1. Within region 257-282, take every residue that is within 16 Å of Gly230 (Cα to Cα) and aliphatic (A, V, I, L, M) and give me the one that is modelled with the lowest pLDDT.
2. For a quick check of your reading of the model, give me the residue pairs whose first member lies in region 239-266 and is farther than 25 Å from Gly478 by Cα, whose second is in a helix (DSSP H, G or I), with beta-carbon atoms closer than 9 Å and at least 6 apart or on different chains.
3. Residues in region 191-210: is at least one in a loop (DSSP other than H, G, I, E, B), farther than 17 Å from Ile155 by Cβ, at pLDDT below 90 and not polar (S, T, N, Q)?
4. Inspect all residues belonging to region 162-174 and state whether any of them is of a type in the set (S, T, N, Q), over 22 Å from Leu260 (Cβ atoms), in contact with a His (Cβ under 9 Å, 6 or more places away or on another chain) and not in a loop (DSSP other than H, G, I, E, B).
5. Which condition number does Cys275 fail, the rest of (1) within 15 Å of the chain's Cα centre (by Cα); (2) surrounded by 24 or more Cβ atoms within 10 Å (Cβ to Cβ) being met?
6. Of the residues Tyr146, Tyr113, which is in contact (Cβ under 8 Å) with a residue 60 or more places away in the chain and surrounded by fewer than 22 Cβ atoms within 10 Å (Cβ to Cβ)?
7. Condition first: at pLDDT 95 or above, farther than 17 Å from Phe73 by Cβ and surrounded by fewer than 22 Cβ atoms within 10 Å (Cβ to Cβ). Can you find one or more residues in region 128-142 that meet it?
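The values are calculated or read from the model by the stated rules, or taken from the named source; none is laboratory data. Since we're looking at a predicted model, the values are computed, not measured. Here the Cβ positions follow ideal geometry from the backbone for every residue, glycine too, while neighbour counts run over all protein chains shown.
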Amino acid sequence: MYRNKCFKLIFIILLLMCLFFTPPSTAFAATYYIDYVSGKDANKGTSMLMPWKRCPGMKGFTGHYSHSAGDKFIFKGGVTWLWTSGDHLFPLTLVAGGSAGNVDTYTSDPTWYVGGSFTLPILDGGQQAEGSTVTLGISSTLITDYTNKVGYIKIDSLQLQNIGYPLSATGGDGSGTLIRLMGSGSNIEISNCILYPHSVEAFGIDNYYNTTNQSNILIHNNTINYAGRGVIYGEPGYLVNNVQVYSNHWTGDASLQNALYLGAGWHGDGLMVGCRAGCGTDVRMSNIQFYNNKMDGSWSRCTALYYSDGNTSNTLIYNNIFATENTTATTGSGGNYFIRFNADGNDFGTINILNNTFSSDSLASLGHGLNMSGAVGLGTFASGTSSTVTIENNIFSGLEIDVLASLNGVATLTMDHNLHNPYTGDGYGEWAVVGGIWYKYANLAALHSAGYENHGLGASTYASSYPSFATIPTGTPGSGHFQLQSNSPAIDAGANLSTTFTTDLLGNTRPTSANTWDIEAYEYEADSLTRVATQNPPPVAT
């Protein structure tokens, strides 16, 4: 009996220890499903059969939700979330973020959709800069974080559209941003989305309200159109490090850009990086990579398709297509560049512009002020810095000036292995304009005498056929194909840059023959002319 009492006592002690010393339960990440058509916020939201109507963070969400790092929110394919006067859905505010290895994700599932086949779910603000319907109003956004400092966020495989405040409305200025993260933390990714803002801005990311450094901003594999620009900025006193923008198809829309400029003074910039006013000479963005992007279509009133507003350090731009495809004059007053570093921008470190294709052949014959002024504009760098600029393996075709570069503050400018084909019919046609007093170099011999383009190529007179592109643009987005034909002088004429990268825009290994690199974004392959023609078809207006 004594033994039984001992066993009972030991059991009770162990039970009490379990009750009082068990650690609190750990919250695990979950997957939630959202269907505006058949969902209800009263549902649990954790299955396709019992989805929510709205996503947590959307206006009007009434469901029960407790966040865990790594939560995933699945929007049903083929369904539209549209702001209406009866349901003010937006903005979707990111109130919490993930953690290392547990990224919060807003996305879709190709196996869950309505209709005959999967299409991306659509988040629609209901207003366009070119239209007359007013919904959210001025400076609105669909997805936002201003003050919560969320990090480890991924926005993937969604279609976001229609956020522009109509220019025709009272005080209409075309403002609006699809994704505005002005207080977020690090590790932000936007991927595989369709972004049609019909406004001045597709996305805006900076640490304006964060007051800490940021790192790891990834924008990739998106289709972007009907946008004035996208912005990634640092702020005074805080650094944004490791920015990668790659494999996006960005189509210019000249009619929208003209309307934004004439109606509200906005200028389209494609991608805009750097720092707001007040940064002085401090570096606010570092280690920027812009690669494997296609920026085509019709561009108007743009400072540049890639515009650095200053205070950046270490920029790598490679394997991109920069092209105008419109054939009517829409660029307004001129001064437009494909790449531009601001004249007083204090850009530091290394700037490498490698294996890109720059074509303004569709506009070349229109002459000064109506075509693209230049491919690369390098402004006045900070005096006393040791900026090193390398421009190599690029094709320049149909431009007034291929490279415009001040050398103030530049320790080294290397320009070689490029193919030059500037338009010479309007009194310009400069291969390069270099130096503080603007020395003009209008042919290969002149560049040789200055120590540039010792291995460069060029024609004495402009000819759109000289680079031997597969197809010169015919006036509509997607009509230009910039793969090389077999007779192109750019084939096997480039420098080996394998210490920096080893593939072309399509992912082909460089080189493909003779151990010699080709000039431009595509490495020549005999069977790739047909493949490249199907890459990135022009977007459909929505």
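1. This residue is Leu260.
2. Hits for this filter: Trp266/Gln257; Trp266/Leu260.
3. For region 191-210, residues in a loop (DSSP other than H, G, I, E, B), farther than 17 Å from Ile155 by Cβ, at pLDDT below 90 and not polar (S, T, N, Q): present.
4. Pass one, region 162-174, residues of a type in the set (S, T, N, Q): 162, 168, 170.
Now narrow it down to the ones that are over 22 Å from Leu260 (Cβ atoms): none.
For region 162-174, residues of a type in the set (S, T, N, Q), over 22 Å from Leu260 (Cβ atoms), in contact with a His (Cβ under 9 Å, 6 or more places away or on another chain) and not in a loop (DSSP other than H, G, I, E, B): absent.
5. So Cys275 meets the others, but not (1).
6. Values: Tyr113 fails: in contact (Cβ under 8 Å) with a residue 60 or more places away in the chain.
So the residue among Tyr146, Tyr113 that is in contact (Cβ under 8 Å) with a residue 60 or more places away in the chain and surrounded by fewer than 22 Cβ atoms within 10 Å (Cβ to Cβ) is Tyr146.
7. Looking for residues that are at pLDDT 95 or above, farther than 17 Å from Phe73 by Cβ and surrounded by fewer than 22 Cβ atoms within 10 Å (Cβ to Cβ), one finds none in region 128-142, hence no.
Yes/no matrix, rows are residues, columns are (1) within 15 Å of Thr357 (Cα to Cα); (2) crowded, with 21+ Cβ neighbours inside 10 Å:
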position	(1), (2)
Pro422	yes, yes
Lys440	no, no
Ala445	no, no
Ala463	no, no
Pro467	yes, yes
Ala490	yes, yes
Ala493	yes, no
Thr500	no, no
